[in-house]
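Student: Below is the structure I would like to discuss, written out as structure tokens.
Readers should treat all values here as calculations from the given coordinates under stated rules, not as data from a laboratory. Model, not experiment: these values are computed from the prediction. So basically every Cβ, Gly included, is an ideal-geometry build from the backbone, and we count neighbours across all protein chains shown.
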Amino acid sequence: MKALAWARANLFATWIDAAITLACIWVVWRFLPPLLDWTIFKAAWLGDDRSACSAGGACWVFIRARFDQFMYGLYPAAQTWRIDIAGALLVILGVWAGWRRLPGKRYAIPAVLVVYPFVGIWLLLGGFGGLPYVETRQWGGLMLTVFMTVYAGIFAFPLGVLLALGRQSNLPVIRTISVAFIEFWRGVPIIAVIFLASLLLPLILPINVDRLIRAVVGLTLVIAAYMAEAIRGGLQAVPKGQYEAAAALGLGYWRATILIVLPQALRISLPALANEFIALSKNTTLVLIVSLFDLLGIVHAASADPKWVGYNVEGYVFAGTIFWFACFAMSRWSASLERRLGAARSH
Amino acid sequence: MTAALRRWFYDARVRAWISQAAVAGAMFGTIWYFVANASENMVKAGIASGFDFLWRTSGIDVPFKIVDYTPQNNIVDLLWVGVANTLLVSLLGMALATILGFLIGIARLSKNFLLRGLATGFVEFVRNIPLLLFVFFWYFGVIRALPPPRDSFGAFDTFFLNNRGLYVPAPTEGHPFAAVSVAFAIGVALFLVLRAWAVKRQAATGKIFPIWAAGTALIVGVPLAAAIVVALTTSWSVPVRGGFNFRGGFVLVPEFVALLAALVTYTAGFVAEVVRGGILAVGKGQKEAAASLGLTPGQTLRLIVVPQALRVMVPPMTSQYLNLLKNSSFGAAIAYPEIVSVFMGSALNATGQAIEIIAITLAIYLVAGLAVSMFMNWYNARIALVTR
Amino acid sequence: MFRRLAASAALMLCFAGAASAQQLTPSPTLDAIKARGHLECGVHLGLPGFSFADDKGVWQGIDVDFCKALAAAILGDATKVKYTPTSVQQRWPILQSGQVDLLSRNTTITFSRNASLGVNFLGINFYEGQTFIVRKKANISKPDEMDGATVCVAAGSTEEKQATDWFAERGKKVTIVNFQRNDDAIAAYDAERCDAYTAGFGALAGQRSKLKAPDDHVILTQLISNDPQGPTVRYGDERYQAVVRWVLNGMIAAEHFGITSKNVDEMRRSSTNGEVRRILGVEGNFGQMLGLSNDWLYNAIKQVGNYGESYERTVGMDSPLKLPRGPNQLWTKGGLLFTSPFQ
């Protein structure tokens, strides 16, 4: 009875509503069963090669057989524990820095932004401290995607802060340069920037730069420009009285900025920053154009392998699922931050 | 002396200029250093430079073009093919993504539980998946879903659909449909005149003229009438079945359809959020006040809610449009001949002049982006709240 | 007195040392390879038979073999190579900017590339020729019959332009769909987006395995172009270029003289043929004159094999590609493969 009343209020309130409801039910009924059949009921889960797969469903055997490669690229199998540790460390530090309930924020944020980059590089690249050297050309898969996202994000953050401050500056030259920089990198497609970084950096720099670093540099420049805009929003939201109060206390520009303004501005712009970070992680997929094998790139390459040709859809679904969960988690976190900020400000 | 110098040094204005000069100097120094390095490396490596290559014969064929072009044309013509294709997919994408995004955004606020759930699911799905995956998925999905040429779907023996594209009749020569865009401009002009008259009359007499119905009739009807007239008076090249495929007519290639579909569905997910945010930003009191003034729900939506919501929506919509313009470059991944694909791909390979080609490409995106932002800023200024 | 003598002797030794060092023209590339201890070789992203990494990341193929032979000649060890996979677009900047020492990757030797890109081609290790792969059910036997067809191709390859020109000359209308990456072009052909995919016959034989049902397709035998391919280097550094050129010549000559990786030790001990003795470094001091050891070609042949061995192993009868030698047979056996004499 209650259910009937609920259905009436929520599904069949008017004739139009009823029609919409029926249309929705039709859509679900039409698409959901075949989808479930393909992904689960008719799919092949066990086996070693393509003979285990049938026509009706997905061939998850392909994913199983290539799983290590999708995660680690061509990283030496004996060394993949280093990636696992680096990844676990990243998650732990990320949760520590991002989850409000946990104490010691004052240490967590520098740990993520300053200490982790060095530890991560040491773990992944090795070459000293007892870890054998693993070249970047052996990197690939999910680990490369995460690496590029995290490092581009970490490098872009300080640059973004400087650019945002520059754009708000009273000094015309600095303001002009910041605006030009931000608008330039925001105005061009990332695919072109990655091309640019991979083709032009070797020509304009006197030394040879690793091609992974080139891609990270390209991503960093773009994401810094977007972050600068997100931070500018935060800076504009800090009441003018805060600046005036800081000046009245005799603080100079840098001290007022670092001690008073930036902490408030960054807190306000955190959700927007998180959204830019999500966009960045999705855009790292474009590096496959310059033949770096990130998660999508390696899935793409594996489905051209004669042994597994024709299973690219399974690969895309797998890569898409990983991206979806990662991005969804981040966007939920950012949304919860936003809600809390809203609540805090309305007090 | 030293005191004067120190005072001078501690003068805020002086320090400001010194620091700015330092930043500017460092900036230009770095750029100069890069340029010097590049030119030295290029001379050393024997790489050709300059823009002469633009006037070389391209020799590159393009499967989909809306401007006249053959492989005998110059590379600069190839560039225009790319620019035209980029603009075509971007502008169409913006229009369709706006419509779809509006529908989904409104559906997300619907009272209907199922509709709301589906719309929310769609938005969450789309926003958290890389566009490149979408593009691949649509592309191979579109090709697989359509039949090979021998089993084409046909309609009236003039339209054919297969996995090589949608074949439609095309005018045998020239661009007679230019007249349609003129008719469209006339329709818009007539609508503006009519609206001015209707507003004046309403102010004078209080009578309400059905301006929206009349406006739609003018803006859609006039170009449609022109199109029909043109269609009946030109000679047509109708697609005819050949050995492999259809000949003649104009073909809408699957790369175009797939890229457009990917851009529209992806961007619609973001537009829907902008729309939802905009509508939620209109205070409830506004609607109640409108109702108490005796406005119908339709009038409330049109006269009260939409104008206020638009004001909130225009800036984020601008950035969605800019994203879509830039994202059209994803066409390079699936052989849609847009600017990155034909110019930074084919032409760069044929000539090897990376610096010049990348610079031109970036400049074109910046100019196109600037044009979009200027238009949106103009629109924003028009609808902005005028506070007195 | 003794001191003076010693000093002048030392001075003379210095001169002599300087003079003998002066005999070698400087070769920054060779110096760099030796200093870093490995060769940097630019290869194809993945073309079975030519350069292809298996799922363990081990590179194989005829182009890869050349990199190995060069590494063996310069460093004495064929395993000291690092491979940089390059796409059609990236290969030139990667070579020009010095990220690789050479390209050995299915790159057609053309005049405009030689003239405008600052690259030199140092010989031919594969006579490729462009043709098409089509579905058997389409019933095509010659490219002439392809009027109205749609052809998938990798953008920026010579094939893109050649196909356009070839059909235009014959007044045939063919739609060319150009993809940024070979694999995408093949996948699109396999999904029936195109009636044919075009590339060299060798490349097609390799890429055929990337189709879902390779037996449903046929590679046309008529070639529409000659696409000779070989190792490609930057302008400059003649001594390094000489080494690259003569490693290739050496592999071909070794086949001509019947030197194989199996009998190379035997030949070195017992051969009386002057050319064989020079190839294997028994006679003359030519390796050292190039700044290498005298057994440079011995190492290459011992560790990689002669041209014929490499061919059969990678693209020939011992490989899945099963390509007959065709034009890639020695000139003495009716092919085009030729080497300058080791005189």
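Student: Please report the net charge: other residues with Cβ closer than 11 Å to the Cβ of A:Leu273, K and R +1, D and E -1.
Tutor: Summing Lys/Arg as +1 and Asp/Glu as -1 gives -1.
Student: Plugging the Kirkwood radius over Cα pairs into Stokes-Einstein for chain C, at a temperature of 37 °C and a viscosity of 0.692 mPa s, what D comes out in µm²/s?
Tutor: On the way: Rh = 21.6 Å.
Answer, rounded: 152 µm²/s.
Student: To continue, here is another question. Count charges around A:Phe181 for me, please; just the other residues with Cβ under 14 Å from its Cβ, Lys/Arg as +1, Asp/Glu as -1.
Tutor: Neighbour charge sum, excluding A:Phe181 itself: +2.
Student: So, in Å, what gap is there between the alpha-carbon centers of the range A:110-134 and the range A:244-258?
Tutor: 37 Å
Student: Which net charge results for the neighbourhood of B:Phe209, defined as the other residues with beta-carbon distances under 11 angstrom from its beta-carbon, given Lys and Arg at +1 and Asp and Glu at -1? Please list the in-between numbers first.
Tutor: On the way: positive: B:Arg195, B:Lys200, B:Arg201, B:Lys207; negative: none.
Local net charge: +4.
Student: Based on Cα positions only, what radius of gyration and what Dmax would you give for the range A:200-242, in angstroms?
Tutor: Taking only Cα atoms of the range A:200-242, I get Rg and Dmax of 16.6, 50 Å.
Student: Past 21 Å, Cα to Cα, is the threshold; run C:Lys56/C:Lys210; A:Lys307/C:Lys68; B:Lys65/C:Lys172; B:Lys111/B:Lys284; C:Lys68/C:Lys210 against it and keep the listed order.
Tutor: A:Lys307/C:Lys68; C:Lys68/C:Lys210
Student: How big is the convex hull of the Cα atoms of the range C:130-225, per residue, in Å³?
Tutor: Each residue corresponds to 80 Å³ of Cα convex hull volume.
Student: Check C:Thr86: other-chain or 5+ apart residues with amide H under 5 Å from its amide H, H built from backbone geometry?
Tutor: C:Val43, C:His44, C:Leu45
Student: Counting alpha carbon pairs within less than 8 Å and at least 6 residues apart, what relative contact order, in whole percent, applies to the range B:174-234?
Tutor: Reported as a whole number, the value is 55 percent.
Student: So what is the relative contact order of the range C:109-259, in percent, for Cα pairs below 8 Å that sit 6 or more residues apart? The partial results should precede the final answer.
Tutor: Numbers: 235 pairs, mean separation 59.9, N = 151.
Relative contact order, the range C:109-259: 40 percent.
Student: To continue, here is another question. Computed over the Cα atoms of the range B:40-91, what is the ratio Rg over Rh, Rh following Kirkwood?
Tutor: 1.14
Student: Something else now. Taking each residue in B:130-143, count the Cβ atoms of any other chain within 10 Å of its Cβ, then average. What number comes out? It would help to have the intermediate numbers written out before the result.
Tutor: Working: counts 16, 5, 13, 11, 2, 0, 12, 5, 0, 5, 9, 2, 2, 7.
That works out to 6 on average.
Student: Got a sec to turn the phi values of the range A:83-96 into Karplus ³J(HN,Hα) couplings, 6.51 cos²θ - 1.76 cosθ + 1.60 with θ = phi - 60°, whole Hz, x for Gly and Pro?
Tutor: Along the range A:83-96, the couplings run 5, 4, 5, 4, x, 4, 4, 4, 5, 4, 5, x, 5, 4 Hz.
Student: Would you list the P(r) distribution for the range B:174-234, with all Cα-Cα distances sorted into 5 Å bins from 0 and each bin expressed as a whole %?
Tutor: Calculated P(r), rounded to whole percents: 4, 19, 22, 17, 13, 10, 7, 4, 3, 1.
Student: In a Debye calculation with equal point scatterers on the alpha-carbon sites of the range A:191-284 and no solvent, what is log10 I(q)/I(0) at q = 0.12 Å⁻¹?
Tutor: -0.55
Student: Please give the peptides A:169-181, A:304-316, A:90-102 ranked by average Cβ packing (other Cβ atoms within 10 Å per residue), highest first, as a rough proxy for protection. Walk me through the numbers before you get to the answer.
Tutor: Working: A:169-181: 16.2, A:304-316: 20.2, A:90-102: 13.4.
Answer by packing, highest mean first, reads A:304-316, A:169-181, A:90-102.
Student: Report the per residue volume, in Å³, of the convex hull enclosing the C-alpha atoms of chain B.
Tutor: Values: hull volume 101.2 nm³, N = 388.
In chain B, the Cα hull volume divided by residue count equals 261 Å³.
Student: How large is the Kirkwood hydrodynamic radius of the range A:1-141, in angstrom, based on all distinct alpha carbon pairs?
Tutor: Taking the inverse mean of 1/r over all distinct Cα pairs, the range A:1-141 comes out at 20.5 Å.
Student: Averaged over peptide B:56-62, how many Cβ atoms belonging to another chain are found within 10 Å of each residue's Cβ?
Tutor: 5
Student: Okay, moving on. Assuming R0 = 25 Å, what is the FRET efficiency of B:Leu252 and C:Glu169, from their Cβ-Cβ distance, to the nearest 0.05?
Tutor: E between B:Leu252 and C:Glu169, to the nearest 0.05, is 0.30.
Student: What is the percent of Cα-Cα separations in the protein assembly as shown that go past 39 Å? Show your work: numbers first, answer last.
Tutor: Values: 318788 of 580503 pairs.
Here the tail beyond 39 Å accounts for 55 percent of pairs.
Student: Could you pull out every residue, at least 5 positions away or on a different chain, whose amide H is within less than 5 Å of the one on B:Val62? Hs are placed 1.01 Å off N in the peptide plane, and Pro or chain starts have none.
Tutor: none
Student: So how do C:127-137, B:229-239, A:286-296, C:207-217 stack up, highest first, on mean other-Cβ count within 10 Å?
Tutor: Those peptides, ordered most packed to least, come out A:286-296, C:127-137, C:207-217, B:229-239.
Student: Using just the helices of chain B, give the 222 nm mean residue ellipticity in deg cm²/dmol: DSSP H runs with n ≥ 4 each add -39,500 (n - 2.57), and the total is spread over all residues, rounded to 500.
Tutor: The helix-only estimate for chain B comes to -22500 deg cm²/dmol at 222 nm.
Student: For C:95-102, what's the mean count of beta carbons from other chains sitting within 10 Å of each residue's beta carbon?
Tutor: 4
Student: When ranked by the protection proxy of mean other Cβ atoms within 10 Å per residue, highest first, what sequence do the peptides A:203-209, B:143-149 form?
Tutor: Values: A:203-209: 14.0, B:143-149: 16.7.
In descending order of packing, they fall as B:143-149, A:203-209.
Student: If you don't mind, there's one more thing I want to ask. If you bin the C-alpha pair distances of the range A:135-340 every 10 Å from 0, what whole percents do you get?
Tutor: 8, 29, 31, 20, 9, 3, 1, 0
Student: Based on the inverse mean of 1/r over its pairs of different Cα atoms, what is the Kirkwood hydrodynamic radius of the range C:124-173, in Å? Write out the running numbers ahead of the final one.
Tutor: Numbers: mean 1/r = 0.0818 Å⁻¹.
The answer is 12.2 Å.
Student: Quick check on chain A: helices-only [θ] at 222 nm, where DSSP H runs of length 4 and up contribute -39,500 (n - 2.57) each and the sum goes over total residues. Nearest 500, please.
Tutor: Values: 14 runs with 238 residues, N = 347.
Per the formula, -23000 deg cm²/dmol.
Student: Can you give me the long-range amide H partners of C:Thr175? Hydrogens built in the peptide plane at 1.01 Å from N, cutoff under 5 Å, separation of 5 or more residues or another chain.
Tutor: Amide H neighbours of C:Thr175: C:Ala149, C:Thr150, C:Val151.
Student: How big is the gap, in Å, between the Cα center of the range B:208-255 and the Cα center of the range C:309-329?
Tutor: Their Cα centres are 56 Å away from one another.
Student: Two decimals, Cα atoms only, Kirkwood Rh: what is Rg/Rh over the range A:278-347?
Tutor: Using Cα coordinates only, the ratio equals 1.23.
Student: Counting just the Cα atoms, what span does the range A:70-171 cover along each of its three principal axes? Round to the nearest Å and put the largest first.
Tutor: Principal extents (Cα only, largest first): 54, 34, 27 Å.
Student: A further question on this structure: How many percent of Cα pairs in chain A exceed 35 Å?
Tutor: 39 percent
Student: Report, for chain C, the % of DSSP beta bridges that are antiparallel, rounded to 5.
Tutor: 55 percent
Student: What is the Rg over Rh value, at two decimals, for the range B:105-161, using alpha-carbon atoms and the Kirkwood definition of Rh?
Tutor: We get a ratio of 1.21 for the range B:105-161.
Student: Per residue of chain C, what 222 nm ellipticity follows from adding -39500 (n - 2.57) for every DSSP H run with n ≥ 4, rounded to the nearest 500?
Tutor: -11500 deg cm²/dmol
Student: Take the alpha carbon atoms of the range C:195-343, find their radius of gyration, then divide it by 2.2 N^0.38 Å using N residues; give the quotient.
Tutor: Taking N as the residue count of the range C:195-343, the ratio is 1.22.
Student: Would you mind pulling out the separation of the Cα centroids of the range B:274-347 and the range C:128-171, in Å?
Tutor: 45 Å
Student: A further question on this structure: What fraction, in whole percent, of alpha-carbon pairs in the range B:24-117 exceed 23 Å separation?
Tutor: Pairs farther apart than 23 Å: 63 percent.
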